[in-house]
Amino acid sequence: MPTGMHTDTERCVRAVQSKDARFDGWFFTAVLTTRVYCRPSCPAVPPKPGNMTFHPSAAACRRAGFRACRRCRPDSSPGSPEWNHRADLTARAMRLIADGTVDREGVPGLAARLGYSTRQIERQLLAEVGAGPLALARAQRAQTARLLIETTPMPMADVAFAAGFSSVRTFNDTVREVFALSPGELRARAPRAGRPTAPGTPATAGTLALRLPFRAPLHPDNLFGHLAATAVPGVEEWRDGSYRRTLRLPYGHGTVALTLRAGHIACRLTLTDPRDLTVAISRCRRLLDLDADPAAVDDRLRADPLLAPLVDAAPGRRVPRTVDEAEFAVRAVLGQQISTAAARTHAARLVTAHGEPVDDPEGGLTHLFPAAEALAALDPERLALPRARRTTLTTLAARLADGTLTLGAGSDWARTRERLLALPGFGPWTAGVIAMRALGDPDAFLPTDLGVRRAARRLGLPATPAALTAHAAAWRPWRAYAVQYLWATDSHPINQLPA
């Protein structure tokens, strides 16, 4: 898919006329006669080509005066995969906006994180996405509000503030503008299955059930298998066919259960503060790599005759990622040169001794993973690790705690990798696995990884890291996905969907 696909009118028209769901999120169709905007796969009769215009985002459609279609609900389509494989200013800004940065820190906070002026960011987003950071954040708030209105019995005032609006009046005006319905009318039209049973009463224990859409195909074995096989006791678990874990969030904490269903991921969130809903959803989507474009990934990898049989056998593999970049970096250090089981044991000791306790009436989750500040204050001599690994862990924790190293949705991948490699005990494998699974770099590659080298030998790929890296240049920019296909040739538990 090309950057700026909405400018290719002929291709967009063909996608709309064929109702091709693969293009949902890549662009939006605005209909001049009805003044609504739709996703390409909208089930309604396609409008005449002359009545269609195309925009890169839902916020751009709203800025142009269009409202969301009530049939296809374009505001809830999967996110654009463009922001997943790019590392430029626009992509970093979009990832931070999805993570709620503008809602919490405003546009100046977004600019400070990116290292650019607010004017530069505004200009860049308008040029590429068709809307500025405030409009994009407002569109996200509207979608969160709709979700809360339709799936919870929360009073409307509580919905307004939980969705990030500064006042009930702004909330009412935005909902009317975006959906052409009042909040009350939106709740009354909610499907019976998701409609609150007792409006005006509090939601049970702050629990929400929602659906996370994705682009098919999605192969679950290595995705859920990896998360379950590496799960840290107390923080993560596999229970009743669901991956469950605790979440550290800006306003509080929560737990989530993620289950694969036909065409979507069932997500059950329990939050101590509903203002964390948008961030929690964003992080769960990143964890499961739900905004990926499997067609683009698999087409590129399938072009290599040695990888083609692996892709054809299990198309749609995702990269298992994380909900907390700092946590994953610590766990990557703990996992250096040891087995998966040993890494879990070391992580579980840290959690038991230094994690924050949480209540989980539905399962066995007991703690949040320790924060970087808590780990930075540890006495290294109390860690049951080799001396060099202790130095690596405590140095990493100290850099994360004092802010000299930041890992997050808006990180510059290349610069962050350089800073990681400058830390004691960090080599290409540790920096690479953090880039792949924590930072979300789709082109991160692990030529020295034991599992990758074993797979290379089995498939007849070059055996040495240098030669394998040269061969893998043809897989760019999707080498992180190639790693998933290579790992899957082994019988390791990370490749098996738990019973």
Study note, to complete from the structure: Per the filter on the range 331-350, residues touching a Pro at 6+ places or on another chain (Cβ under 8 Å) and under 21 Å from Asp402 (Cα atoms) are Leu350
Check your understanding: Here are some conditions: (1) of a type in the set (S, T, N, Q); (2) surrounded by fewer than 22 Cβ atoms within 10 Å (Cβ to Cβ); (3) in contact (Cβ under 8 Å) with a residue 40 or more places away in the chain. Thr259 meets all but one. Which one does it not meet?
Key -> (3)
Practice item. Return yes or no: is Arg71 touching a residue at least 60 places away in the same chain (Cβ under 8 Å), out of contact with any His (no Cβ under 7 Å at 6 or more places or on another chain) and either surrounded by fewer than 24 Cβ atoms within 10 Å (Cβ to Cβ) or within 23 Å of Leu125 (Cα to Cα) (or both)? Key: no
**Study point:** Residue under evaluation Arg62, criteria (1) in contact (Cβ under 8 Å) with a residue 40 or more places away in the chain; (2) in a loop (DSSP other than H, G, I, E, B); (3) basic (Lys, Arg), criterion not met
**Key:** (2)
Practice item. Could you tell me whether Arg286 is of a type in the set (Lys, Arg), under 27 Å from Trp478 (Cα atoms) and free of Cβ contacts under 8 Å to residues at least 60 places away in the same chain? Key: no
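Residue-wise test of (1) among the hydroxyl-bearing types (Ser, Thr, Tyr); (2) part of a loop (DSSP other than H, G, I, E, B); (3) without any contact (Cβ under 8 Å) to a residue 12 or more places away in the chain.
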position	(1), (2), (3)
Glu362	no, yes, no
Thr392	yes, no, no
Ala401	no, no, no
Leu420	no, no, no
Phe445	no, yes, no
Leu461	no, yes, no
Exercise for review: Look at the range 430-452 and say how many of its residues are more than 17 Å from Pro320 (Cβ to Cβ) and surrounded by fewer than 19 Cβ atoms within 10 Å (Cβ to Cβ).
Suggested key: 2
Review point. Among Val36, Val13, Val45, which is the only one that is closer than 21 Å to Ala135 by Cβ, without any contact (Cβ under 8 Å) to a residue 60 or more places away in the chain and of a type in the set (Val, Ile, Thr)?
Key: Val36
**Study point:** Hits in the range 308-338 - residues which are outside any helix (DSSP H, G or I), at pLDDT 95 or above and hydrophobic (A, V, I, L, M, F, W, C)
**Key:** Ala314, Val319, Val323
Practice item. Please state which of the following conditions Ala388 fails to meet, knowing it meets all the rest: (1) exposed (fewer than 15 other Cβ atoms within 10 Å of the Cβ); (2) without any contact (Cβ under 8 Å) to a residue 60 or more places away in the chain; (3) not in a helix (DSSP H, G or I). Key: (3)
Practice item. Could you check Ala180 against (1) surrounded by fewer than 18 Cβ atoms within 10 Å (Cβ to Cβ); (2) modelled with pLDDT of 90 or more and say which number it fails? Key: (2)
Review point. Restricting the search to the range 364-385, which residues are within 16 Å of Arg349 (Cβ to Cβ), outside any loop (DSSP other than H, G, I, E, B), in contact with a helix residue (DSSP H, G or I) (Cβ under 8 Å, 6 or more places away or on another chain) and among the aliphatic types (A, V, I, L, M)?
Key: Ala374, Leu375
Review point. Within the bounds of the range 457-471, is there any residue that is surrounded by 15 or more Cβ atoms within 10 Å (Cβ to Cβ) and of a type in the set (Lys, Arg)?
Key: no
Review point. Checking Arg275 against (1) basic (Lys, Arg); (2) in contact with a Leu (Cβ under 7 Å, 6 or more places away or on another chain); (3) more than 24 Å from Trp487 (Cβ to Cβ), which single condition isn't satisfied?
Key: (2)
Exercise for review: Would you check if Pro78 is crowded, with 19+ Cβ neighbours inside 10 Å, without any contact (Cβ under 8 Å) to a residue 40 or more places away in the chain, in contact with a Leu (Cβ under 9 Å, 6 or more places away or on another chain) and in a loop (DSSP other than H, G, I, E, B)?
Suggested key: no
Check your understanding: Within the bounds of the range 246-253, is there any residue that is farther than 20 Å from Phe369 by Cα, touching a residue at least 40 places away in the same chain (Cβ under 8 Å) and in contact with a strand residue (DSSP E or B) (Cβ under 8 Å, 6 or more places away or on another chain)?
Key -> no
Practice item. Residue by residue through the range 1-48, note down the ones that are under 20 Å from Asp298 (Cβ atoms) and in a strand (DSSP E or B). Key: Asp24
Review point. Does any residue in the range 212-225 that is over 21 Å from Ser80 (Cα atoms) come within less than 8 Å, Cβ to Cβ, of a residue that is assigned to a helix (DSSP H, G or I) six or more places away or on a different chain, and which pairs are these?
Key: Asp221/Asn495; Asn222/Gln484; Asn222/Trp487; Asn222/Ile494; Asn222/Asn495; Gly225/Pro493; Gly225/Ile494; Gly225/Asn495
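The values are calculated or read from the model by the stated rules, or taken from the named source; none is laboratory data. Because the structure is predicted, anything quoted here is derived from the model rather than measured. Cβ: placed from backbone, ideal geometry, glycine included. Neighbour counts: every protein chain shown.
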